[in-house]
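Some notes on the structure that comes next.
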Amino acid sequence: MTMELKEALQKFLLRLGDNALIQGQRLSEWCSRAPMLEEDIALSNLALDHIGRAQVLLDYAGHTFGEIKTADELAFRRSEREYYNFLMAELPTGNFAFTIAKQLFLSAYEDLLYEALCESTDTHLSAFSLKAVKEARYHFSHAADWCMRLGLGTAESHDKMVDAIHDLWAYTHEFFEMSDCDLLLLQHGIAPDQEKLKKNWLDKIGKVFMRTGFSIPQDTYQHRGSRQGIHTEHLGHLLCEMQYLQRSYPDASW
Amino acid sequence: MDTQLDLWEVFVQGKSGGQFMHAGSVHASDKEMALKYARDLYTRRNEGSAIWVVLSNNIVSSAPEDAEMFFDPANDKIYRHPTFYTMPEGALQI
C-alpha cells in the first residue's frame, strides 16, 4: 500500500470512527432525560451501538499510524482539528424532534454507506460493515417510525419536526463530498462513490417524507469543513467534557 | 392513574421452535413501537430469536378469588400425571 493510500484510508477510518464516537456521545446525553423510560433505554442502546462501532473503527485507524495508536488514545488525546466527524453529528442534542431528524439523516446515510462497504476490497472494512449495516438499518427504522409519529401527531410535534428538518438540511450535503482521499479510495475499490450514495439517500429520505407529508427542503447554504477538520463551535465543548478525565489524569485506570 | 401509553405484554422466544416466555411489559402507542421497545428492553443481551407483543387489555386473566375453585381440585389427582410412561429419548421439552 502506498503512503498516499494509507493516509487516505486513515482519514476515512477516522471519519467513520469519529462519526460513531461523536454520535454516541450526543445520544448518550439522552440517558435519564428521554420522554419516557422505554425511549430512554432505546436511545441509550443506540448510543452504545455507536460507541461499539467507534471502538472497532478507531482501533483499526490506529493501526494505520507509524506508531500504532489505541482507540482510547485516538478518542481522548486528539484535539478538534484532528477530528473528522460530520458537523451534523456534533450539533447539540436539541429537542427530541431534532434528535430524531438527526438520526434519520445520519442513519439513512450509514445504512447505505455500510451496505456499499460490504463490497469493499479492504477485508477488515467489509467484514465490519456486514455487522454495522444491520445496526444502521435498525437505527434508520427507529428514526423513520418516530419521524412519522411526530409528523402525523399533534400540531406542535409536526412543527418541531419541520423546524428540525429545515435546520439540519444545511448539514446534509457534507456527507457526500468527494475529497482527494475519497477519490483515491474509490479508485482502489475501498470506499464507494459518495455521489451515488447521495441519490439513494435522497430517495430513502423522500420515501419517509412522503408518508408523513414533509417535503425535501430547497437547497440553500450548506455548511462544510469536516473533511479538513474544521468544525462548529460545539465540538470543542463536547470534547472538553468527554476528554476531561484522560486529560487531567492521563492513563487513569480503575 | 397510569398516564403513560398503552401497556403491552412481551413474550420472547429464545430459540427458533422453542416456546415463547413472558419477559415483561412495555408502554407504547402502537404495535411497531411496542415491538421495537420489546426488542430494546428484553433482547439486548442476546436472549431472543423472535418476539410477540400483545396489548395487556387483550389478555383474559383468571381472578385471584377464583383460585381455590379453579386450581385446588387438581391438587390430589396424582393419576393425572403421566408418570407411568417412559420418556422418549431426546424429548426435552415435554
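The values are calculated or read from the model by the stated rules, or taken from the named source; none is laboratory data. Computed from a prediction, not measured in an experiment: that's the story for all the values here. Backbone-built Cβ (ideal geometry, glycine too); neighbour counts: all protein chains shown. Only protein heavy atoms, including side chains, enter the accessible area calculation; ligands, DNA and RNA are left aside. Shrake-Rupley method; radii C 1.70, N 1.55, O 1.52, S 1.80 Å.
Chains B and A: what accessible area do they bury, summed, in square angstrom to the nearest 100, with a 1.4 Å probe?
Rounded to the nearest hundred, the buried surface is 1200 Å².
List, by residue number, every residue in the stretch A:135-165 with a reduction of 30 Å² or greater in accessible area between the chain on its own and the complete protein assembly, 1.4 Å probe.
Buried on complex formation: A:Y138, A:D145, A:R149.
Please work out the ratio of the alpha-carbon Rg of the stretch A:1-143 to 2.2 N^0.38 Å and round it to two decimals.
Taking the Cα Rg and dividing by 2.2 N^0.38 Å, one obtains 1.05.
To the nearest 10 degrees, how steeply does helix B:31-42 sit against the main Cα axis of chain B, on a 0 to 90 scale?
Between the helix axis and the principal axis of chain B, the angle is about 70 degrees.
For chain B, what does -39500 (n - 2.57) per DSSP helix run (n ≥ 4), summed and divided by total residues, give at 222 nm, in deg cm²/dmol to the nearest 500? Could the numbers behind the result be given before it?
Values: 2 runs with 17 residues, N = 94.
One gets -5000 deg cm²/dmol as the mean residue ellipticity at 222 nm.
For the stretch B:2-81, give the percent of accessible area contributed by carbon and sulfur heavy atoms, probe 1.4 Å, rounded to a whole number.
Numbers: 3000 of 5730 Å².
Ligands and nucleic acids excluded, carbon and sulfur give 52 percent.
If contacts are Cα pairs under 8 angstrom and at least 6 residues apart, what is the relative contact order of the stretch A:151-250 in percent?
31 percent
Quick one: pull the percent of accessible area on chain A belonging to carbon and sulfur, 1.4 Å probe, ligands and nucleic acids left out.
55 percent
Cross-link partners among aspartates and glutamates for A:K102, C-alpha distance below 13 Å, same-chain residues fewer than 8 apart left out?
Cross-link targets: A:E90, A:E110, A:D163, A:D167.
Averaging sequence separations of C-alpha pairs under 8 Å and six or more residues apart, then dividing by the length of the stretch A:1-97, give the relative contact order as a whole percent.
38 percent
Looking at the stretch A:83-186, which GluC sites (Glu not before Pro) are DSSP coil and have at most 11 other C-beta atoms within 10 Å of their C-beta?
Values: sites: A:E90, A:E110, A:E115, A:E119, A:E135, A:E156, A:E174, A:E177; in loops: A:E119, A:E177.
Listed in order of number, the matching sites are A:E119.
Need the C-alpha centroid separation for the stretch B:67-94 versus the stretch A:55-102, integer Å.
Each part's Cα centre sits 59 Å from the other's.
Chain B: longest stretch without exposed trypsin sites (Lys or Arg not before Pro) (DSSP loop, at most 11 other Cβ within 10 Å), sites themselves excluded?
In short, B:46-76.
Do you know which residues of the stretch A:18-38 lose at least 40 square angstrom of accessible area in the protein assembly compared with their chain on its own, with a 1.4 angstrom probe?
In the stretch A:18-38, residues shielded by partner chains: A:M36, A:E38.
Out of B:S62, B:S25, B:S49, any idea which swings most in a Gaussian network model of chain B, alpha carbons joined below 10 Å?
Looking only at B:S62, B:S25, B:S49, the largest GNM fluctuation is found for B:S62.
In the stretch A:1-92, which trypsin sites (Lys or Arg not before Pro) are in a loop and have at most 13 other Cβ atoms within 10 Å, using DSSP for the loop call?
Answer by residue number: A:R33.
Using DSSP loop states and a limit of at most 16 other Cβ atoms within 10 Å to flag GluC sites (Glu not before Pro), what is the longest stretch of chain B containing no flagged site?
In chain B, the maximal stretch lacking such sites is B:1-46.
What ³J(HN,Hα) values, in whole Hz, does the Karplus curve 6.51 cos²θ - 1.76 cosθ + 1.60 give for the stretch B:67-75 when θ = phi - 60°, with x put for Gly and Pro?
4, 5, 4, 6, 10, 4, x, 7, 4
Report the dimensions of the stretch A:1-63 along its three principal axes from the alpha-carbon atoms, largest first, rounded to Å.
51, 13, 11
Can you list which of the trypsin sites (Lys or Arg not before Pro) found in the stretch A:191-254 are DSSP loop residues with at most 15 other C-beta atoms within 10 Å?
Values: sites: A:K196, A:K198, A:K199, A:K204, A:K207, A:R211, A:R224, A:R227, A:R247; in loops: A:R224.
Answer by residue number: A:R224.
Rounded to a whole number of µm²/s, how large is the Stokes-Einstein D of the protein assembly as shown at 37 °C and 0.692 mPa s, given Rh as the Kirkwood radius over C-alpha pairs?
Rounded, D is 143 µm²/s.
Report, to the nearest 10°, how far helix A:155-169 tilts away from the longest principal axis of the Cα atoms in chain A, using its own Cα long axis and a range of 0 to 90°.
Its long axis makes an angle of about 30 degrees.
Using modelled backbone amide H atoms (1.01 Å from N, in-plane), which distant-in-sequence or interchain residues come within less than 5 Å of B:A50's amide H?
B:Q13
How much accessible area per residue does the stretch B:52-94 have, in Å², with a 1.4 Å probe?
On a per-residue basis, the stretch B:52-94 sits at 102 Å².
Can you figure out the FRET efficiency of A:E67 with A:D40, using R₀ = 41 Å and their beta-carbon distance, to the nearest 0.05?
Step by step, r from the Cβ atoms, then E = 0.50.
What shape does chain B take by its C-alpha gyration tensor, where a ≥ b ≥ c are the square roots of the eigenvalues and a/c under 1.5 counts as rounded, a/b above b/c as prolate, and the rest as oblate?
Judged from the Cα gyration tensor, chain B comes out oblate (a/c at least 1.5, b/c at or above a/b).
How much FRET efficiency would the formula 1/(1 + (r/R0)^6) give for A:S32 and B:I78, where r is the Cβ-Cβ distance and R0 is 41 Å, rounded to 0.05?
Here the calculated transfer efficiency is 0.15.
Cα-Cα pairs above 25 Å in the stretch A:65-200: how many percent?
37 percent
Express the accessible area of the stretch A:35-94 per residue in Å², computed with a 1.4 Å probe while the remaining protein chains stay in the model.
Per-residue value: 41 Å².
Could you state the angle between the C-alpha long axis of helix A:96-117 and the longest principal axis of the C-alpha atoms of chain A, as a value from 0 to 90 degrees rounded to the nearest 10?
50 degrees
Among A:A127, A:A136, A:A191, which one shows the highest mean-square fluctuation when chain A is modelled as a Gaussian network with alpha-carbon springs under 10 Å?
Taking springs between Cα atoms under 10 Å, the residue moving most is A:A127.
What pairs from A:K196/B:K36; A:K134/B:K31; A:K69/A:K196; A:K199/B:K31 go past 25 Å between their alpha carbons?
The pairs that break the limit, which is 25 Å between Cα atoms, are A:K196/B:K36; A:K69/A:K196; A:K199/B:K31.
Please tell me the relative contact order of chain A in percent, rounded to the nearest whole number, where contacts are Cα pairs under 8 Å and at least six residues apart.
24 percent
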